[in-house]
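Undergrad: Sending over a structure as structure tokens; questions will come in a sec.
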Ligand code: MN
């Protein structure tokens, strides 16, 4: 089994090293192709207004001077040549990719790009916490539960144009209660806080910060599973069509 690994935190991200360890439990044919710089929040963006460079760091190890999507597109379309991957793993992201945050996520977008290329694709994210005890082993839940979550999926046929989004709770591995299959949740309030500051020349600038995750319980959601101490595994689809609205709009124009 040939595995392509990417992420959105960059080729030197600690979470990428964790994902390499997880992948090594599944195969010895691993290709690492990731952005050269941090790309969190890049979503599914593609570099169109500037050229993209590929740099080789070792055997089956490359960085791309672009977005997560650029990395996967060049990885499958150029670097790997005829050696198409059987599995794409994106992550392990430092931070959650839950609920409404999914469309901002470069981690999930890299998995979307793999899905578009016909490759079984899984995004993995480690929720982080401000707890100093947790910070001593920030990827412990992902590290212990990663291969456990992925292995059954290797035997499972993914639905066409679908991918999986896995999030690990900010807990020690032995405190994680298990794996729950979830639906994409939604935040009760916008997570983005707009922070205003002044640059060294006195001109205002704006920087997006984060508010806490607020959500309504009781929707079998990814947010709820994480709050309950479970690994969340959400099947996602590339088709963004709203089926109910599609039907209603058809009636509207009859
Ligand atoms: Mn990231």
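Undergrad: Please work out the C-alpha center-to-center distance from segment 178-254 to segment 26-67 and express it in whole Å.
TA: Their Cα centres are 26 Å away from one another.
Undergrad: Once a ≥ b ≥ c are taken as the square roots of the eigenvalues of the Cα gyration tensor of the chain, is the result rounded (a/c under 1.5), prolate (a/b larger than b/c) or oblate (a/b not larger than b/c)?
TA: rounded
Undergrad: Ok, one more. At a threshold of 8 angstrom on Cα-Cα distance, excluding pairs fewer than six apart, so keeping six or more, what relative contact order does the chain reach in percent?
TA: Values: 543 pairs, mean separation 43.4, N = 254.
Relative contact order comes out at 17 percent.
Undergrad: What distance in nm lies between label points placed 7 Å from Cα along the C-beta direction at residue 195 and residue 210?
TA: Result: 1.2 nm between the two label points.
Undergrad: What does the highest-first list of 162-168, 116-122 look like by mean Cβ count within 10 Å?
TA: On the way: 162-168: 25.1, 116-122: 19.9.
Descending packing order for the listed peptides: 162-168, 116-122.
Undergrad: With every atom except the alpha carbons ignored, what do you get for Rg and Dmax of segment 1-144, in angstroms?
TA: Here Rg and the maximum Cα pair distance are 14.2, 46 Å.
Undergrad: Among 42-55, 3-16, what's the highest-first ranking by average C-beta atoms within 10 angstrom per residue? All intermediate terms of the calculation are to be shown ahead of the outcome.
TA: Values: 42-55: 13.2, 3-16: 23.7.
Ranking, from highest mean packing down: 3-16, 42-55.
Undergrad: Using alpha-carbon pairs under 8 Å, 6+ residues apart, how would you state the relative contact order of segment 62-150 in percent?
TA: 29
Undergrad: Here's another thing I want to ask about it. Would you please put 142-155, 57-70, 86-99, 221-234 in order of how densely packed they are, using the mean number of other Cβ atoms within 10 angstrom per residue and starting with the highest? Write down the numbers at each step before the final one.
TA: Numbers: 142-155: 17.0, 57-70: 19.7, 86-99: 26.1, 221-234: 22.6.
Sorting 142-155, 57-70, 86-99, 221-234 by mean packing, highest first, produces 86-99, 221-234, 57-70, 142-155.
Undergrad: In nm, to one decimal, how far is the residue 46 label point from the residue 243 one, both placed 7 Å along Cα→Cβ?
TA: 2.8
Undergrad: In nm, to one decimal, how far is the residue 53 label point from the residue 2 one, both placed 7 Å along Cα→Cβ?
TA: 2.7
The numbers here are math on the coordinates, done by the rules we state, and not lab data. These numbers come from a predicted model, not from an experiment. As a convention, Cβ positions derive from the backbone with ideal geometry for all residues, glycine included, and neighbour counts pool all protein chains shown.
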